[in-house]
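Any read-out appearing in this document is the output of simple, stated calculations on the displayed coordinates, not a laboratory observation. Every value quoted in this text rests on a predicted model; they were computed, and no experiment measured them. Because the Cβ atoms are built from the backbone with ideal geometry, glycine has one as well, and the counts that use them run over all protein chains shown.
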Amino acid sequence: MGGIKISASILALMAVLFVGRCVADPAPAPTADVGGNSDSRLLQKVTYRANEQRVKTILADLSKMTGVTLTAGQSLDDWQVRDRKMIISVKDVPLVNLMNSMARVMKFTWSKDKHEPPGYRLYAVQKFLAEAQAREEQQEAQCRKQCLEALDKIADSRTLSETELEKLKQDNPYSYVMRVNGMAPALDRLFRAVPSVKEALVAGEEAAIRGMDLSPEGSEALARLIGVSNTWSLKLDPARKGVLPDDFRSRLEGITLRVNWGTHLVKDSLRRWRLGRICGGWGDSEYDALDFELNDPDSKLAGVIGNYFLHRMAGGEFTEQVKKDLTAGYRREQMAEWQKMDTGESQLEHPEDDPALSKRTSLKTENRAEFTDLLWALSESAELNIVSDYFFKPRGQAKIPAEETSAQKLIDEITRGYRYNWDKPRTIVEFWSRDWFTYRKQLIPEVWVEAWRKTLKETRTLDIEDLMGLANLTEDQFKANIACDKDFQGSNIEGTMEFHRELLRTCSLLDKLQWERVMSSSGLALSELSAEQLAHFNKFTASKAKNLRDLAPSLLTLRGELLSIGDYRFTFTIQDVPEPVQFWFPTIRYRWIDEMTPTPGHNPPSGAAQSPRP
């Protein structure tokens, strides 16, 4: 079987696995709480620690320690249970209590088999996933409504009296500035003439609109916005050299207007306050005509920006101190907005009535301690049993007091800072992410990561079939599983993905015959691409090969060459044009050790696009 067919099967598998679904419940009846179980073996006390360990490893350890068969997942392929990670620190607790805590924080449940003595299986259930999916859809609808209302406020071009303007300046400096600098009426005009811009912002999606496709009203609205944006930029920075050509109005057909291009605002939880980005340009630049972000005018983030604009409008200089204060204020308010946002599960509140949590203590941690470090320090200093889920390096920051305080206040600070919930039904403090459903969708099978890691370490590089597999991950999956991994951080893989993702995705969709033709001396005529393949190719040309984007596929031929291990050159030949367009994939290097040679015996594949299989 050709490697490219394997890639297609992986894509199909990903489509099923990453939408929040799980396999059917096993035959044994689920036992959410095994406390009423008559199995006396579950009463034995255990002491156990796990630092970001996978569920399959934890249950294997506990089975060996206790003699009770504990199994993760419904099968060896159930990676969405087996590969999930946990943090555990317990001392002398009944096994049954630990089992129940694990099930609760992971949104799993237990089933008991019919063997004698019985074994227990931990698995995911549809109920939790369905509830989380419904909650996410409801929150997304609310987010879109909030974004729409915020955009309407920004683009409010109604005439205001002097008194009303002065009040707006005091109450909402961001809206005031957007109005007096002309951006509000310009945006209002653009939203009306090119509604797809506003629709993309509300949906949190990318959009690219070619100038040649705009109506006369759309072209005039875009020209007005470009002019206003550049005039305002020059006022903020008089020393800035203008990049806007004098004849830009006559060149609008060649511009591409982009929404949320090259930004992490797409589907980002913060887009409730950071509404999106609008940019556009000619030539090699995506933003030489205009480039700005929009913020919810009622947010504190916008307040920081608005006050800075007022400072500059009043003649204030952009000193290093002003820059430092602006950056610090923006980061502070961004974190505050993130911590209080209403996505995911609601924050649980706890009355301070548990004597076990009233012990006063302080956490002995290094500066900038992370979530895991804080939990370990809390367990040791307050002598608490802890069970927590763990996905990736949690986003957030906790304000831990230097002086002694109650264990409960420390728990509250940690969970608020990292958007976690906690509970203490018995003797174990349980932690789980409020955003567990979102993070769950970012997971990929560990066997894929291990295969890529193994290849990178053994060969000191990744060949194109590995890059194609990586390119088919979503940006969130790539960041969560690859970019944050210390082994991949030492390579130049992030840059390669950023610049070549769509071309790699296009290649991964080629069948075996098509790929063989790409790697032949004659190449592959792009007129032979399917609609799906062509859609990815168009994304590539729109962002990385502008000189190809307006050419008909029938005029283009793609040819690939293997220059060395992991080092490819792709050439686009244009009919009746003597000069081809070429792209190089820089060789991926493990820990940037360029002088090292691949492991002897490593033969690069023929170019088939494949991904590790779970």
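Between H115 and D325, full extension at 0.36 nm per residue minus the direct alpha carbon distance yields a gain of 69.0 nm.
Comparing Y120, L76, F191 along the charge dipole axis of segment 75-226, the residue lying farthest to the positive side is Y120, per the Cβ-charge model.
Could you estimate the translational diffusion coefficient of segment 115-238 from the Stokes-Einstein equation, with Rh from the Kirkwood formula over C-alpha pairs, at 4 °C and 1.567 mPa s, in whole µm²/s? This corresponds to a translational diffusion coefficient of 72 µm²/s.
Highest mean first, the peptides 394-405, 52-63 sorted by other C-beta atoms within 10 Å per residue fall in the order 52-63, 394-405.
The simple Förster model, with R0 at 41 Å and r as the Cβ-Cβ distance, assigns M65 and K454 a FRET efficiency of 0.85.
The phi-based Karplus calculation (6.51 cos²θ - 1.76 cosθ + 1.60; θ = phi - 60°) puts the 3J(HN,Hα) values of segment 292-301 at 7, 9, 10, 10, 4, x, 8, 7, 5, 4 Hz, whole numbers, x for Gly and Pro.
Highest average first, the peptides 124-134, 289-299 ordered by how many other beta carbon atoms sit within 10 Å of their residues are 289-299, 124-134. For segment 438-494, the alpha-carbon coordinates run over 34, 21, 19 Å along the three principal axes, in decreasing order. Peptide packing for 427-438, 324-335 was compared via the average number of neighbouring C-beta atoms within 10 Å per residue; ordered from the highest value, the list is 427-438, 324-335.
Separation of the alpha carbons by more than 30 angstrom is noted, of K323/K409; K324/K399; K85/K399, for K323/K409. Gain on full extension, evaluated as 0.36 nm per residue between E352 and S530 minus their Cα-Cα distance, stands at 57.8 nm.
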